[in-house]
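The block underneath contains the structure these notes are about, expressed in C-alpha coordinates.
The values are calculated or read from the model by the stated rules, or taken from the named source; none is laboratory data. Bear in mind the structure is a predicted one, so any value in this text is a computation, not a measurement. Don't worry about glycine lacking a Cβ; one is built from the backbone with ideal geometry, like all the others, and counts go over all protein chains shown. Only protein heavy atoms, including side chains, enter the accessible area calculation; ligands, DNA and RNA are left aside. Shrake-Rupley method; radii C 1.70, N 1.55, O 1.52, S 1.80 Å.
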Amino acid sequence: MNRIDLTHPDAPDLAGYGPFPIGVQTLALANTAQIDVLDSALAVRRYDRPLTVELWYPAVSGTPPGAAYATMLRDGHRAITLHGRACRDAAQAEGDFPLVILSHGYPGNRMLMSHLGETLASQGYVVASVDHTDSTYADKGPLASTLVNRPLDTAFVKAALADRADTTRFAIIGYSMGGYGALVSGGAGVAEAALGMDGAPPLGLWDIHRAPMVDPALRAIIPIGPWGRHRGIWDAKGLAGLQVPMLLMAGSADDISDYAGGMRLIFDEARGVSRHLLTFEGAGHNAAAPYPAPAEAFEPSPHLEFLPAEHYADPLWDTCQMNSIAQHFARAFLDLHVKGDTAKAAYLDGAFKGFAPGANRGLILESLHP
(Lines give C-alpha, C1' and ligand atoms only; values in the text may rest on other atoms or scores of the structure.)
Protein backbone atom coordinates (compact mmCIF):
# COMPACT_ATOMS: atom_id res chain seq x y z
CA MET A 1 0.00 0.00 0.00
CA ASN A 2 1.45 3.36 -1.06
CA ARG A 3 1.29 5.50 2.07
CA ILE A 4 2.06 9.22 2.34
CA ASP A 5 1.46 9.41 6.12
CA LEU A 6 4.46 7.53 7.49
CA THR A 7 6.67 9.11 10.13
CA HIS A 8 10.29 8.05 10.57
CA PRO A 9 11.16 6.49 13.98
CA ASP A 10 13.80 9.19 14.54
CA ALA A 11 11.52 12.03 13.45
CA PRO A 12 12.10 15.36 15.19
CA ASP A 13 9.46 16.85 17.46
CA LEU A 14 7.54 19.01 14.98
CA ALA A 15 7.23 16.32 12.28
CA GLY A 16 4.12 14.29 11.63
CA TYR A 17 0.50 14.98 12.45
CA GLY A 18 -1.00 17.57 14.75
CA PRO A 19 -4.25 17.97 16.68
CA PHE A 20 -6.67 18.59 13.79
CA PRO A 21 -8.36 15.87 11.78
CA ILE A 22 -7.94 16.56 8.07
CA GLY A 23 -10.35 17.11 5.21
CA VAL A 24 -9.46 17.12 1.52
CA GLN A 25 -11.20 18.26 -1.63
CA THR A 26 -10.23 18.39 -5.28
CA LEU A 27 -11.03 21.73 -6.90
CA ALA A 28 -11.24 22.40 -10.63
CA LEU A 29 -10.30 26.06 -11.12
CA ALA A 30 -9.76 28.14 -14.25
CA ASN A 31 -7.74 31.33 -14.53
CA THR A 32 -9.57 33.13 -17.31
CA ALA A 33 -8.08 35.07 -20.24
CA GLN A 34 -4.47 34.02 -19.61
CA ILE A 35 -1.79 34.25 -22.26
CA ASP A 36 -1.24 30.89 -23.95
CA VAL A 37 2.55 30.91 -23.90
CA LEU A 38 2.77 27.77 -26.04
CA ASP A 39 0.53 29.20 -28.78
CA SER A 40 1.93 32.74 -28.92
CA ALA A 41 5.01 32.43 -31.12
CA LEU A 42 3.77 35.07 -33.59
CA ALA A 43 0.98 36.82 -31.70
CA VAL A 44 -0.42 36.76 -28.19
CA ARG A 45 -3.33 34.34 -27.78
CA ARG A 46 -5.40 33.89 -24.65
CA TYR A 47 -7.26 31.01 -23.07
CA ASP A 48 -8.88 29.93 -19.81
CA ARG A 49 -6.02 28.19 -18.00
CA PRO A 50 -7.22 25.10 -16.07
CA LEU A 51 -5.69 24.45 -12.65
CA THR A 52 -6.65 21.44 -10.56
CA VAL A 53 -6.00 21.94 -6.84
CA GLU A 54 -5.88 19.42 -4.02
CA LEU A 55 -7.02 21.28 -0.91
CA TRP A 56 -6.24 19.99 2.57
CA TYR A 57 -7.72 21.74 5.61
CA PRO A 58 -8.44 21.29 9.33
CA ALA A 59 -11.69 19.35 9.61
CA VAL A 60 -14.35 19.35 12.32
CA SER A 61 -13.81 17.26 15.42
CA GLY A 62 -14.67 13.60 14.97
CA THR A 63 -13.81 13.46 11.26
CA PRO A 64 -12.54 9.94 10.50
CA PRO A 65 -9.20 9.38 8.72
CA GLY A 66 -8.55 7.36 5.61
CA ALA A 67 -8.18 9.12 2.26
CA ALA A 68 -7.33 7.31 -0.96
CA TYR A 69 -5.82 9.45 -3.71
CA ALA A 70 -6.10 8.43 -7.36
CA THR A 71 -3.07 9.87 -9.14
CA MET A 72 -0.47 9.25 -11.84
CA LEU A 73 2.97 7.67 -11.86
CA ARG A 74 5.95 9.70 -13.09
CA ASP A 75 5.65 8.12 -16.56
CA GLY A 76 2.41 10.04 -17.15
CA HIS A 77 0.51 6.88 -18.10
CA ARG A 78 0.09 4.50 -15.18
CA ALA A 79 -2.65 5.20 -12.66
CA ILE A 80 -1.73 4.58 -9.01
CA THR A 81 -3.42 4.98 -5.64
CA LEU A 82 -1.94 6.66 -2.57
CA HIS A 83 -3.26 6.40 0.98
CA GLY A 84 -3.21 8.99 3.75
CA ARG A 85 -5.21 10.28 6.71
CA ALA A 86 -7.51 12.93 5.25
CA CYS A 87 -11.26 12.47 4.82
CA ARG A 88 -12.65 13.29 1.40
CA ASP A 89 -15.08 16.27 1.43
CA ALA A 90 -15.16 16.53 5.23
CA ALA A 91 -16.62 19.67 6.79
CA GLN A 92 -13.99 22.34 7.43
CA ALA A 93 -13.35 23.44 11.01
CA GLU A 94 -14.11 27.02 11.93
CA GLY A 95 -11.11 29.27 12.37
CA ASP A 96 -8.72 31.63 10.63
CA PHE A 97 -6.28 29.17 9.13
CA PRO A 98 -3.49 30.68 7.00
CA LEU A 99 -2.87 29.42 3.48
CA VAL A 100 0.14 27.44 2.26
CA ILE A 101 0.52 26.80 -1.48
CA LEU A 102 2.49 23.78 -2.72
CA SER A 103 4.06 24.02 -6.18
CA HIS A 104 5.51 20.86 -7.75
CA GLY A 105 8.51 20.29 -10.02
CA TYR A 106 8.79 20.01 -13.81
CA PRO A 107 7.22 17.63 -14.40
CA GLY A 108 5.30 16.75 -11.28
CA ASN A 109 1.77 16.86 -9.97
CA ARG A 110 -0.25 18.07 -7.04
CA MET A 111 0.33 14.88 -5.03
CA LEU A 112 4.14 15.00 -5.07
CA MET A 113 4.38 16.84 -1.73
CA SER A 114 1.15 15.42 -0.30
CA HIS A 115 2.90 14.45 2.95
CA LEU A 116 3.28 18.19 3.61
CA GLY A 117 -0.31 18.80 2.55
CA GLU A 118 -1.70 16.46 5.17
CA THR A 119 0.70 17.21 8.03
CA LEU A 120 0.48 21.01 7.70
CA ALA A 121 -3.32 20.86 7.53
CA SER A 122 -3.32 18.85 10.77
CA GLN A 123 -1.27 21.68 12.32
CA GLY A 124 -3.78 24.41 11.45
CA TYR A 125 -3.07 25.46 7.86
CA VAL A 126 -5.15 25.31 4.71
CA VAL A 127 -2.87 23.77 2.07
CA ALA A 128 -3.46 24.09 -1.67
CA SER A 129 -1.37 21.95 -4.01
CA VAL A 130 -1.58 22.89 -7.68
CA ASP A 131 -1.47 20.83 -10.87
CA HIS A 132 0.38 23.34 -13.06
CA THR A 133 -0.89 23.05 -16.63
CA ASP A 134 1.86 22.26 -19.20
CA SER A 135 4.03 20.94 -16.36
CA THR A 136 2.48 17.71 -15.07
CA TYR A 137 3.46 14.13 -15.83
CA ALA A 138 0.60 13.81 -18.32
CA ASP A 139 0.87 17.18 -20.09
CA LYS A 140 4.51 18.26 -19.91
CA GLY A 141 5.08 21.04 -22.44
CA PRO A 142 8.03 23.31 -23.27
CA LEU A 143 9.63 25.05 -20.30
CA ALA A 144 8.57 28.52 -21.50
CA SER A 145 5.06 28.06 -20.12
CA THR A 146 6.40 27.10 -16.70
CA LEU A 147 8.76 30.09 -16.60
CA VAL A 148 5.90 32.52 -17.19
CA ASN A 149 3.06 30.81 -15.37
CA ARG A 150 4.40 29.50 -12.05
CA PRO A 151 4.14 32.81 -10.15
CA LEU A 152 0.87 33.65 -11.94
CA ASP A 153 -0.68 30.29 -11.01
CA THR A 154 0.10 30.63 -7.32
CA ALA A 155 -1.15 34.23 -7.24
CA PHE A 156 -4.42 33.13 -8.83
CA VAL A 157 -4.88 30.20 -6.45
CA LYS A 158 -4.26 32.45 -3.46
CA ALA A 159 -6.96 34.87 -4.63
CA ALA A 160 -9.39 32.06 -5.49
CA LEU A 161 -9.24 30.60 -1.96
CA ALA A 162 -10.10 33.72 0.00
CA ASP A 163 -13.29 32.05 1.22
CA ARG A 164 -11.48 28.92 2.44
CA ALA A 165 -8.37 30.30 4.16
CA ASP A 166 -6.90 33.37 5.79
CA THR A 167 -5.20 34.77 2.69
CA THR A 168 -4.01 37.89 4.51
CA ARG A 169 -1.03 35.70 5.48
CA PHE A 170 0.25 32.92 3.29
CA ALA A 171 3.37 31.04 2.23
CA ILE A 172 4.62 29.14 -0.82
CA ILE A 173 6.53 25.85 -0.70
CA GLY A 174 8.00 25.03 -4.10
CA TYR A 175 10.04 22.07 -5.28
CA SER A 176 12.54 22.45 -8.16
CA MET A 177 10.67 24.61 -10.71
CA GLY A 178 8.17 25.28 -7.95
CA GLY A 179 11.13 26.74 -6.05
CA TYR A 180 11.79 28.99 -9.05
CA GLY A 181 8.21 30.21 -8.85
CA ALA A 182 8.41 30.78 -5.10
CA LEU A 183 11.55 32.89 -5.48
CA VAL A 184 10.02 35.05 -8.22
CA SER A 185 6.85 35.47 -6.15
CA GLY A 186 9.07 36.61 -3.28
CA GLY A 187 10.73 39.32 -5.38
CA ALA A 188 13.74 37.63 -7.01
CA GLY A 189 13.76 39.25 -10.45
CA VAL A 190 14.76 37.26 -13.53
CA ALA A 191 18.13 38.37 -14.95
CA GLU A 192 18.16 40.36 -18.18
CA ALA A 193 20.66 37.93 -19.67
CA ALA A 194 18.23 35.05 -19.13
CA LEU A 195 15.69 36.55 -21.53
CA GLY A 196 17.72 35.31 -24.49
CA MET A 197 18.36 31.78 -23.27
CA ASP A 198 17.30 28.76 -25.31
CA GLY A 199 13.64 28.05 -24.65
CA ALA A 200 12.91 31.49 -23.20
CA PRO A 201 9.30 32.66 -23.55
CA PRO A 202 8.64 34.57 -26.81
CA LEU A 203 7.32 38.10 -27.41
CA GLY A 204 8.68 39.51 -24.16
CA LEU A 205 6.23 37.42 -22.10
CA TRP A 206 8.88 36.77 -19.44
CA ASP A 207 9.50 40.48 -18.84
CA ILE A 208 6.79 40.61 -16.16
CA HIS A 209 9.13 38.70 -13.83
CA ARG A 210 12.11 41.02 -14.25
CA ALA A 211 10.94 43.18 -11.33
CA PRO A 212 8.13 41.19 -9.73
CA MET A 213 5.49 42.80 -7.56
CA VAL A 214 5.41 41.02 -4.19
CA ASP A 215 2.07 40.37 -2.54
CA PRO A 216 2.28 41.96 0.95
CA ALA A 217 0.39 38.97 2.33
CA LEU A 218 3.25 36.62 1.36
CA ARG A 219 5.06 36.00 4.64
CA ALA A 220 7.53 33.23 3.78
CA ILE A 221 8.82 30.92 1.05
CA ILE A 222 10.34 27.45 1.24
CA PRO A 223 12.18 26.57 -1.99
CA ILE A 224 13.23 22.90 -2.02
CA GLY A 225 15.92 22.08 -4.59
CA PRO A 226 15.10 25.32 -6.48
CA TRP A 227 16.12 25.30 -10.14
CA GLY A 228 17.59 28.21 -12.05
CA ARG A 229 20.54 30.04 -10.52
CA HIS A 230 23.09 27.72 -12.14
CA ARG A 231 21.49 28.47 -15.53
CA GLY A 232 21.60 32.24 -15.04
CA ILE A 233 17.87 32.65 -14.39
CA TRP A 234 18.90 35.07 -11.64
CA ASP A 235 22.03 37.04 -10.96
CA ALA A 236 23.13 38.56 -7.67
CA LYS A 237 21.13 41.73 -8.32
CA GLY A 238 17.93 39.81 -8.94
CA LEU A 239 18.30 37.67 -5.83
CA ALA A 240 19.01 40.76 -3.75
CA GLY A 241 15.43 41.72 -4.61
CA LEU A 242 13.96 38.89 -2.52
CA GLN A 243 11.65 40.47 0.06
CA VAL A 244 10.37 37.62 2.25
CA PRO A 245 12.09 35.24 4.67
CA MET A 246 13.32 32.02 3.07
CA LEU A 247 14.02 28.47 4.22
CA LEU A 248 15.94 26.72 1.44
CA MET A 249 16.27 22.91 1.52
CA ALA A 250 18.88 21.22 -0.66
CA GLY A 251 20.87 18.06 -1.25
CA SER A 252 24.62 18.59 -1.47
CA ALA A 253 24.85 16.12 -4.40
CA ASP A 254 22.01 17.68 -6.41
CA ASP A 255 23.06 17.51 -10.06
CA ILE A 256 19.80 19.02 -11.39
CA SER A 257 19.74 22.36 -9.57
CA ASP A 258 23.48 22.34 -8.69
CA TYR A 259 24.28 22.74 -5.03
CA ALA A 260 27.47 24.84 -5.18
CA GLY A 261 26.78 26.79 -8.35
CA GLY A 262 23.06 27.18 -7.84
CA MET A 263 21.44 26.82 -4.47
CA ARG A 264 24.29 28.06 -2.31
CA LEU A 265 24.42 31.17 -4.49
CA ILE A 266 20.69 31.70 -3.91
CA PHE A 267 21.31 31.45 -0.17
CA ASP A 268 24.32 33.80 -0.26
CA GLU A 269 22.89 36.39 -2.67
CA ALA A 270 19.42 36.88 -1.15
CA ARG A 271 21.02 39.53 1.03
CA GLY A 272 17.93 41.53 1.94
CA VAL A 273 16.12 38.89 4.01
CA SER A 274 16.58 36.48 6.86
CA ARG A 275 17.20 33.05 5.38
CA HIS A 276 18.17 29.51 6.28
CA LEU A 277 19.80 26.73 4.28
CA LEU A 278 19.09 23.15 5.35
CA THR A 279 21.51 20.78 3.60
CA PHE A 280 21.09 17.01 3.36
CA GLU A 281 24.69 15.90 2.92
CA GLY A 282 25.09 13.50 -0.01
CA ALA A 283 21.45 13.74 -1.11
CA GLY A 284 20.46 14.47 -4.68
CA HIS A 285 17.62 16.43 -6.25
CA ASN A 286 14.93 14.33 -4.56
CA ALA A 287 15.84 15.59 -1.10
CA ALA A 288 12.89 16.25 1.22
CA ALA A 289 10.04 16.97 -1.21
CA PRO A 290 8.64 13.81 -2.91
CA TYR A 291 6.59 11.25 -1.00
CA PRO A 292 8.10 7.73 -0.79
CA ALA A 293 8.29 5.94 -4.13
CA PRO A 294 5.11 3.94 -4.82
CA ALA A 295 5.49 0.21 -5.35
CA GLU A 296 4.70 0.59 -9.05
CA ALA A 297 7.69 2.93 -9.44
CA PHE A 298 10.11 0.03 -9.12
CA GLU A 299 8.80 -1.55 -12.32
CA PRO A 300 10.27 -0.34 -15.64
CA SER A 301 8.02 1.82 -17.80
CA PRO A 302 8.08 1.83 -21.62
CA HIS A 303 7.47 5.58 -21.42
CA LEU A 304 10.65 6.44 -19.50
CA GLU A 305 14.37 5.87 -20.08
CA PHE A 306 14.91 5.43 -16.35
CA LEU A 307 13.22 3.52 -13.55
CA PRO A 308 10.28 5.64 -12.27
CA ALA A 309 11.53 5.20 -8.68
CA GLU A 310 14.45 7.49 -9.51
CA HIS A 311 11.98 10.38 -9.59
CA TYR A 312 11.03 9.85 -5.93
CA ALA A 313 13.87 8.08 -4.09
CA ASP A 314 17.39 9.09 -3.11
CA PRO A 315 20.35 6.67 -3.39
CA LEU A 316 21.64 7.59 0.08
CA TRP A 317 18.82 8.95 2.24
CA ASP A 318 15.59 7.26 3.33
CA THR A 319 12.67 9.24 1.88
CA CYS A 320 10.48 8.92 4.97
CA GLN A 321 13.34 10.27 7.09
CA MET A 322 13.78 13.26 4.76
CA ASN A 323 10.03 13.89 4.68
CA SER A 324 9.90 13.95 8.48
CA ILE A 325 12.81 16.38 8.67
CA ALA A 326 11.21 18.62 6.06
CA GLN A 327 7.93 18.61 7.98
CA HIS A 328 9.71 19.58 11.20
CA PHE A 329 11.55 22.55 9.73
CA ALA A 330 8.66 23.67 7.54
CA ARG A 331 6.36 23.81 10.53
CA ALA A 332 8.89 25.73 12.64
CA PHE A 333 9.53 28.24 9.85
CA LEU A 334 5.86 28.73 8.93
CA ASP A 335 4.69 28.94 12.53
CA LEU A 336 7.30 31.65 13.12
CA HIS A 337 6.76 33.78 10.03
CA VAL A 338 3.13 33.10 9.12
CA LYS A 339 1.51 32.52 12.52
CA GLY A 340 3.89 34.75 14.50
CA ASP A 341 4.86 32.04 16.99
CA THR A 342 8.20 33.45 18.13
CA ALA A 343 8.98 30.37 20.25
CA LYS A 344 9.59 28.46 17.01
CA ALA A 345 12.70 30.56 16.29
CA ALA A 346 14.61 28.24 18.64
CA TYR A 347 14.14 25.41 16.13
CA LEU A 348 15.94 27.38 13.42
CA ASP A 349 19.11 28.48 15.23
CA GLY A 350 21.31 25.55 14.16
CA ALA A 351 21.19 23.66 17.45
CA PHE A 352 18.74 21.06 16.07
CA LYS A 353 16.23 21.52 18.85
CA GLY A 354 13.69 18.71 18.83
CA PHE A 355 16.07 16.05 17.46
CA ALA A 356 17.05 12.92 19.39
CA PRO A 357 20.80 12.62 20.05
CA GLY A 358 22.54 11.76 16.80
CA ALA A 359 19.39 12.05 14.69
CA ASN A 360 20.73 15.16 12.94
CA ARG A 361 23.68 13.31 11.38
CA GLY A 362 24.15 14.37 7.78
CA LEU A 363 22.29 17.65 8.24
CA ILE A 364 23.72 21.18 8.14
CA LEU A 365 21.58 24.18 9.06
CA GLU A 366 22.94 27.64 8.30
CA SER A 367 21.38 31.06 8.76
CA LEU A 368 22.09 34.52 7.37
CA HIS A 369 20.36 37.81 8.03
CA PRO A 370 20.10 41.15 6.21
message: Under 8 Å for C-alpha pairs, at least 6 residues apart: give me the relative contact order for the range 98-199, rounded to a whole percent.
response: 36
K140, K158, ranked by accessible area, largest first (probe 1.4 Å): K140, K158
- line: Judged on accessible area alone, 1.4 Å probe, highest first, H285, H303 line up as H303, H285
task: May I ask you to derive the FRET efficiency for S367 and R164 from their Cβ-Cβ distance with R0 = 35 Å, giving the value to the nearest 0.05?
output: 0.60
task: Read phi for every residue in the range 66-76 and hand back ³J(HN,Hα) as whole Hz from Karplus 6.51 cos²θ - 1.76 cosθ + 1.60, θ = phi - 60°, with x for Gly and Pro.
output: x, 7, 10, 10, 7, 9, 10, 6, 4, 6, x
Förster radius 30 Å - calculated FRET efficiency between A356 and L6 (Cβ-Cβ, nearest 0.05): 0.95
query: With all protein chains present and a 1.4 Å probe, how do F329, F355 order by accessible area, largest first?
result: F355, F329
The chain: most fluctuating residue of P202, P302, P212 per GNM, C-alpha cutoff 10 Å: P302
field: DSSP beta bridges in the chain [antiparallel fraction, %, rounded to 5]
entry: 50
- line: The alpha-carbon center of the range 111-145 and that of the range 249-324 are separated, in whole Å, by 16
- prompt: If you build a Gaussian network model of the chain, linking Cα atoms that sit under 10 Å apart, which residue out of P142, P12, P315 swings the most?
  reply: P315
- prompt: Which far-off residues, 5 or more places away or on another chain, put their amide H under 5 Å from the one on A59, with H placed in the peptide plane?
  reply: I22, G23, A93
- prompt: Can you list residues whose amide H is under 5 Å from H83's amide H, if they're 5+ apart or on another chain and H is modeled 1.01 Å from N?
  reply: N2, R3, I4, Y69
- request: Over the range 22-181, calculate the relative contact order: mean separation of alpha carbon pairs under 8 Å at least 6 apart, over the residue count, as a percent.
  value: 26
message: What's the ranking of 173-180, 38-45, 253-260, 148-155 by average number of surrounding C-beta atoms within 10 Å, highest first?
response: 173-180, 148-155, 253-260, 38-45
query: Taking the chain as a Gaussian network, where each spring joins two C-alpha atoms under 10 Å apart, which residue of L29, L278, L120 fluctuates the most?
result: L29
DSSP-loop chymotrypsin sites (Phe, Trp or Tyr not before Pro) across the range 77-161, with at most 16 other Cβ within 10 angstrom: none
- request: Scan the range 311-362 for trypsin sites (Lys or Arg not before Pro) in coil per DSSP, keeping those whose Cβ has at most 13 other Cβ atoms within 10 Å, and list them by number.
  value: R361
query: If you plug each phi of the range 166-182 into the Karplus form 6.51 cos²θ - 1.76 cosθ + 1.60 with θ = phi - 60°, what whole-Hz ³J(HN,Hα) values come out, in order, with x for Gly and Pro?
result: 7, 8, 6, 8, 8, 9, 10, 10, x, 9, 6, 5, x, x, 4, x, 5
statement: Relative contact order in percent for the chain (Cα pairs under 8 Å, 6+ apart) equals 17
statement: Any residue on another chain or 5+ positions along whose placed amide H is under 5 Å from the amide H of A30 is listed here as L51
task: Report, in deg cm²/dmol and to the nearest 500, the calculated mean residue ellipticity at 222 nm for the chain, where each DSSP H run with n ≥ 4 adds -39500 (n - 2.57) and the sum is divided by the residue count.
output: -5500 deg cm²/dmol
statement: Checked against the structure, the computed Cα extents along the principal axes in Å among (i) 60, 46, 38; (ii) 55, 44, 41; (iii) 72, 54, 35 is the one labelled (ii)
- line: Once phi for every residue in the range 92-108 is put through the Karplus expression 6.51 cos²θ - 1.76 cosθ + 1.60 (θ = phi - 60°), the whole-Hz ³J(HN,Hα) values, with Gly and Pro written as x, are 7, 5, 6, x, 8, 9, x, 8, 10, 9, 9, 10, 7, x, 10, x, x
